[in-house]
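**Student:** Quick one: the structure is below, and I'll ask about it shortly.
The values are calculated or read from the model by the stated rules, or taken from the named source; none is laboratory data. In this text, all values refer to a predicted model and were calculated from it rather than measured experimentally. FYI the Cβ positions are ideal-geometry reconstructions off the backbone, even for glycines, and counts take in every protein chain you see. For the accessible areas, the whole protein counts, side chains as well, though only heavy atoms, and no ligand, DNA or RNA atoms are used. Shrake-Rupley method; radii C 1.70, N 1.55, O 1.52, S 1.80 Å.
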Amino acid sequence: MKLLVLGGTKNLGRHVVEAALRADHEVMLFNRGLTNRGLFPSVQHVIGDRADPSALSVGSWDRVIDMSGFLVRDVRLSAELLRDRVGQYTFMSSIAVYADRATPGQDEFGPLVPWPVGAPDNEFTMDLYGPSKVHCESLLAATFGSRAAFVRSGFVVGPYNPDFGNWGTALAHGTQMECAARPSQPVQYVDARDLAEFLLRDLSGPYNVVGTSRTMAEVAAAWRSVVPGALPVDWEPAVDRFHLEDDGLFRLDNGRALEAGLQLRTDAESARDYVAWIRDGNLPPDPPH
Ligand SMILES: NC(=O)c1ccc[n+]([C@@H]2O[C@H](COP(=O)([O-])OP(=O)(O)OC[C@H]3O[C@@H](n4cnc5c(N)ncnc54)[C@H](OP(=O)(O)O)[C@@H]3O)[C@@H](O)[C@H]2O)c1
């Protein structure tokens, strides 16, 4: 498959490119060349800013995977430019699109957050994160119809990505895991590699690409199990290193994604690989705020 990845050199996008190369896809990357320069030397890099995607005026692709779409104006520009030259347009969205943050078991078709009247479509603020993703999804649906797909994830764990506050580092170095959430707090996460494999699938419409909902205590027990003699979790740390979402956003229905082929590895596999990655000398990035 001929694949164009918008972004592709940071956290999640890196996994998509790695998975695409493993599957022998022909990959082209479009980014500014600022993040992790020199990564993927065998791949064609097109340098440009999303604010001016004219470097993509020529060419056609079976699929675009948009890993860097936040600003509505920028996503509109690439949608218009690529409309007749790509098969599927897969947009990396977020569970922040949901307006109802309390009800458990929501599927992809519940109410979405509105676009604030008068908000700028070319400036990013955290308040506009969810509304921007909704706005981008709807303009892509209008442009590409059933050729557009929206992958909504929340918490993503895996090499290059943050994990649960200090868990990976604590397990790698024999210190205490901290968790400022209550042990019964529901949580859903997806391993970055499972997400990447899913992003390469034939998709249409929205998907909740999240893992099975569990409690923090269950996930913590599974993570501790990969390191013999791991210390007990400190449930009342002085600093909250990880910001959890509201309960409803961690009890989403992932049935549509599972039906479309989402495969989820176990907590123990995610934890073991993450701890090994840190022991190899890598430092996890800070969690997003
Ligand atoms: N837990 C999570 O991390 C999470 C959860 C849900 C959804 N998401 C979504 O997942 C996507 C990927 O997130 P990420 O953290 O991996 O990466 P990101 O920070 O969103 O994007 C980084 C990539 O995009 C490129 N890029 C950034 N600004 C650009 C611009 N103005 N023009 C062209 N290229 C640009 C960067 O390369 P250059 O700097 O070289 O340009 C890099 O390759 C995002 O859309 C995010 O909203 C993330």
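**Student:** Filter region 82-106 down to the residues that are among the hydrophobic types (A, V, I, L, M, F, W, C) and within 16 Å of the ligand (Cβ to nearest atom) and list them by number. Reasoning before the result, please.
**Tutor:** Restricting attention to region 82-106, the residues satisfying the condition of being among the hydrophobic types (A, V, I, L, M, F, W, C) are 82, 86, 91-92, 95-97, 99, 102.
Across region 82-106, the qualifying residues are Leu82, Phe91, Met92, Ile95, Ala96, Val97.
**Student:** Which residue out of Leu29, Leu21 is open to solvent by 40 Å² or more (accessible area, probe 1.4 Å), modelled with pLDDT of 95 or more and closer than 21 Å to Glu197 by Cα?
**Tutor:** Numbers: Leu29 fails: open to solvent by 40 Å² or more (accessible area, probe 1.4 Å).
Criteria check complete, one pass: Leu21.
**Student:** So is Leu171 within 30 Å of Leu21 (Cα to Cα) and either open to solvent by less than 10 Å² (accessible area, probe 1.4 Å) or of a type in the set (D, E, K, R) (or both) or not? Show your work before the answer.
**Tutor:** On the way: within 30 Å of Leu21 (Cα to Cα): no; either open to solvent by less than 10 Å² (accessible area, probe 1.4 Å) or of a type in the set (D, E, K, R) (or both): yes.
Against the criterion (within 30 Å of Leu21 (Cα to Cα) and either open to solvent by less than 10 Å² (accessible area, probe 1.4 Å) or of a type in the set (D, E, K, R) (or both)), Leu171 does not qualify.
**Student:** Would you mind stating whether Leu262 is within 25 Å of Glu137 (Cα to Cα), outside any loop (DSSP other than H, G, I, E, B), open to solvent by less than 30 Å² (accessible area, probe 1.4 Å) and not polar (S, T, N, Q)?
**Tutor:** Details: within 25 Å of Glu137 (Cα to Cα): yes; outside any loop (DSSP other than H, G, I, E, B): no; open to solvent by less than 30 Å² (accessible area, probe 1.4 Å): yes; not polar (S, T, N, Q): yes.
When the stated conditions are applied, Leu262 does not pass them.
**Student:** Answer with yes or no whether Gly211 is modelled with pLDDT of 95 or more and either on the phi > 0 side of the Ramachandran plot or open to solvent by 70 Å² or more (accessible area, probe 1.4 Å) (or both).
**Tutor:** Details: modelled with pLDDT of 95 or more: yes; either on the phi > 0 side of the Ramachandran plot or open to solvent by 70 Å² or more (accessible area, probe 1.4 Å) (or both): no.
No: the conditions fail for Gly211.
**Student:** Within region 7-28, count every residue that is farther than 20 Å from Pro285 by Cβ and either within 13 Å of the ligand (Cβ to nearest atom) or in contact with a strand residue (DSSP E or B) (Cβ under 7 Å, 6 or more places away or on another chain) (or both).
**Tutor:** Going through region 7-28 one residue at a time, the tally reaches 6.
**Student:** So Ala238 ticks every box in (1) modelled with pLDDT of 95 or more; (2) more than 15 Å from Tyr274 (Cβ to Cβ); (3) of a type in the set (A, V, I, L, M, F, W, C) but one. Which box is left unticked?
**Tutor:** Among (1) modelled with pLDDT of 95 or more; (2) more than 15 Å from Tyr274 (Cβ to Cβ); (3) of a type in the set (A, V, I, L, M, F, W, C), the lone unmet condition for Ala238 is (1).
**Student:** Quick check: is even one residue across region 38-45 out of contact with any strand residue (DSSP E or B) (no Cβ under 6 Å at 6 or more places or on another chain), within 27 Å of Ser153 (Cα to Cα) and near the ligand (Cβ under 10 Å from one of its atoms)?
**Tutor:** Within region 38-45, the subset out of contact with any strand residue (DSSP E or B) (no Cβ under 6 Å at 6 or more places or on another chain) is 38-42.
Applying the additional criterion that residues be within 27 Å of Ser153 (Cα to Cα) yields 39-40.
Filter again for near the ligand (Cβ under 10 Å from one of its atoms), leaving 39.
Checked region 38-45: at least one residue is out of contact with any strand residue (DSSP E or B) (no Cβ under 6 Å at 6 or more places or on another chain), within 27 Å of Ser153 (Cα to Cα) and near the ligand (Cβ under 10 Å from one of its atoms).
**Student:** Condition check: free of Cβ contacts under 8 Å to residues at least 60 places away in the same chain and surrounded by 16 or more Cβ atoms within 10 Å (Cβ to Cβ). Does Asp247 satisfy that?
**Tutor:** No, not satisfied.
**Student:** Filter the strands (runs of 3 or more DSSP E) completely within region 141-252 down to those with at least 3 residues that are touching a Gly at 6+ places or on another chain (Cβ under 7 Å). Don't jump to the end; show me each part of the working.
**Tutor:** Details: elements: 148-153, 155-157, 189-191, 205-208.
Answer list for region 141-252: 189-191.
**Student:** Next question, about the same structure. Residues in region 14-43 that are under 17 Å from the mean Cα position of the chain (by Cα) and touching a residue at least 60 places away in the same chain (Cβ under 8 Å): how many?
**Tutor:** Of the residues in that region, 6 qualify.
**Student:** Considering only residues of region 80-94 that are of a type outside the set (Ser, Thr, Tyr) and within 20 Å of the chain's Cα centre (by Cα), which is surrounded by the fewest Cβ atoms within 10 Å (Cβ to Cβ)? Spell out how you get there, then give the answer.
**Tutor:** Within region 80-94, the first condition is being of a type outside the set (Ser, Thr, Tyr), and the residues that meet it are 80-88, 91-92.
When the remaining residues are screened for being within 20 Å of the chain's Cα centre (by Cα), the result is 88, 91-92.
Values: Gln88: 20, Phe91: 26, Met92: 25.
My answer is Gln88.
**Student:** Do we have Ala96 as closer than 30 Å to Ser225 by Cα and part of a helix (DSSP H, G or I) here?
**Tutor:** Numbers: closer than 30 Å to Ser225 by Cα: no; part of a helix (DSSP H, G or I): yes.
Criteria not met by Ala96.
**Student:** Another question, if that's okay. Can you name the residue in region 120-138 that is at pLDDT 95 or above and open to solvent by 20 Å² or more (accessible area, probe 1.4 Å) and, of all such residues, is nearest to the ligand (Cβ to nearest atom)?
**Tutor:** Looking at the filtered set, the residue picked out is Tyr129.
**Student:** Could I ask something else about it? Do the conditions hold for Val275, that is, is it among the β-branched types (Val, Ile, Thr) and surrounded by 16 or more Cβ atoms within 10 Å (Cβ to Cβ)? Steps first, answer last, please.
**Tutor:** Working: among the β-branched types (Val, Ile, Thr): yes; surrounded by 16 or more Cβ atoms within 10 Å (Cβ to Cβ): yes.
Judged against the criteria, Val275 is a match.
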